[in-house]
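Since every read-out is calculated from the coordinates, none of them should be taken as a lab result. Remember, it's a predicted structure, so these values are computed and weren't measured experimentally. Quick reminder, even Gly has a Cβ in these numbers, built from the backbone with ideal geometry, and neighbours come from all protein chains shown.
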């Protein structure tokens, strides 16, 4: 009987020990809320609601780091509320919710320009994009407990753990954890660029796109190196504020070692960036170069999703007239933007016929090669099926022959094709459908735009994906040429955000970039990321990349004949791979610590 009672007692103790802290706290709050006249439940709900609202508003404020406000200094502060909320959360569920609230506010404002497609899109897309900061925040409490507290403290129970967490920890433990969390942020930025929306847009690095010196390390690390640096400073600032709060309570103010290390790293990156920026500008001039003069035509045609014959003819007349004007200065190349004319070049129809006739006549008359963006057709991937419809850039020689063609490889979900079309409800498809799904191109082969000038073509938002420009540089491109049509968003900040995310491709490959937009952001970007020429200038004579309107950009670009490959061009995103390895090792270490804790607890009850 005594042995059976002892076994029952041990089983009961193990059961109690297995109950999580969060479950016990929930049960306690439920009991308190059920007591007559007790206000604990109501106060808890009010506090939770205020936290939710505060995180949403602070997330919205973080979007000020990007155009149209473009306050880059906000980028160094925007993660502080998210970090403080996740760091002080009592469970992974609570940290996940905090991350979701912050992420929803940030995503709603940062992508508010999508309202020009449909007013509901920013509200719905923010629900998806908020999942990424939520997943980043979820493991923060667990990593904090397992990686910064000694096992002797963790095993003393909840009271001892909370007391230990409410005072500054060893600075080297905190610094290591901050580095892991900054790497964890970069991993989720990379995941967001491929999973779900496939949208590497407005990453942390993009908040610093005008900080030319800082972003030069992208030549080696890709954009994730800048994101890591900005995230580390944010996290170090948050932890410094928290440690000051704890220090005031205990009367012992800690030294901000973590913040000093993070700021020291920023200074080091700036010092390296100065040297890299100078080298990027000097290096092409030191070798053989070719000077290319291109006339970039910006027609400022409104978006014509389902244009009738009159509106298509209006667009054709506008671009043919701009071609006639630009031919006077005899450029080496004429460039039209993406889908400048709504009707496909090779289609059967009155506008398409006049399209071909007008282009051919001007090629033969002016003897100037032309590159135009148009919807085109390609042989099907599977023989026997209908022709593929592709978004293409056609390069014509002076005789009117197609000398080269590039078809867009990364097509826009819900814009150029409907993902999961068979499973979506009819009203959603009718709201977004353009009557056809485009197919992907199959080659990154550069086009010879001029003798010795090989252009790596990017169409629309392809210039925000690093893998396309990188592959084109590997295949011999010595110039990046972007053709886009941002007329989908005529009154919003989308064109400027698009440009901000595009600049990094020039730095990664150290190639000059020329952009041709239908209504904005037609410019030349130097290999150091500086915007050198635009269609319009400010009253002070500086390039004006924000101005919309019709115009002709006569751009002169110095193209290196045989540019050396950069580290990033050769090896790609090794930095984000290193971030993934750091996070994996930290996760394994945390799991090992948790397993040791479980073993110690079992031994205590045996």
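Points worth noting:
- Cα convex hull of segment 465-597 - mean projected area over all directions, nm²: 11.8 nm²
- Computed from label points 7 Å out along Cα-Cβ, the spacing between residue 491 and residue 244 is 4.2 nm.
- Largest-first principal axis extents, alpha carbons of segment 190-324, Å: 77, 46, 25
- Look at 332, 437, 486 and count the other Cβ atoms within 10 Å of each Cβ; fewest to most, that gives 437, 332, 486.
- Cβ-based exposure ranking for 356, 45, 470, in which fewest neighbours within 10 Å come first: 45, 356, 470
- Translational diffusion of segment 267-421, µm² s⁻¹ [Kirkwood Rh, Cα pairs; Stokes-Einstein; 10 °C; 1.306 mPa s]: 87 µm²/s
- For segment 88-130, relative contact order (Cα pairs under 8 Å, six or more residues apart, normalised by length) works out to 42 percent.
- Once the Cα gyration tensor of segment 285-358 is diagonalised, semi-axes √(5λ) in Å: 29, 12, 12
- Pairwise Cα inverse-distance average, inverted: Kirkwood Rh of segment 531-606 (Å): 19.0 Å
- Estimated inter-spin distance, residue 291 and residue 542, nm [label 7 Å along Cα→Cβ]: 2.7 nm
- Calculated FRET value between residue 45 and residue 602, using beta carbons and R₀ = 41 Å, to 0.05: 0.60
- Shown for 410, 245: other C-beta atoms within 10 Å of each C-beta, ranked fewest to most, produce the order 245, 410.
- Segment 533-557 and segment 174-242 have Cα centres separated by 31 Å.
- With R₀ set to 51 Å, the beta-carbon distance separating residue 361 from residue 440 gives a calculated FRET efficiency near 0.95.
- Rounded to whole Å, sorted largest first: equivalent-ellipsoid semi-axes of segment 341-413, Cα gyration tensor: 24, 14, 11
- Sequence-separation-based contact order of segment 194-264, relative, with Cα cut under 8 Å and 6+ spacing, percent: 23 percent
- Taking every Cα-Cα distance in segment 88-130 and sorting them into 10 Å bins from zero, the calculated P(r) comes out as 32, 41, 20, 7, 0 percent.
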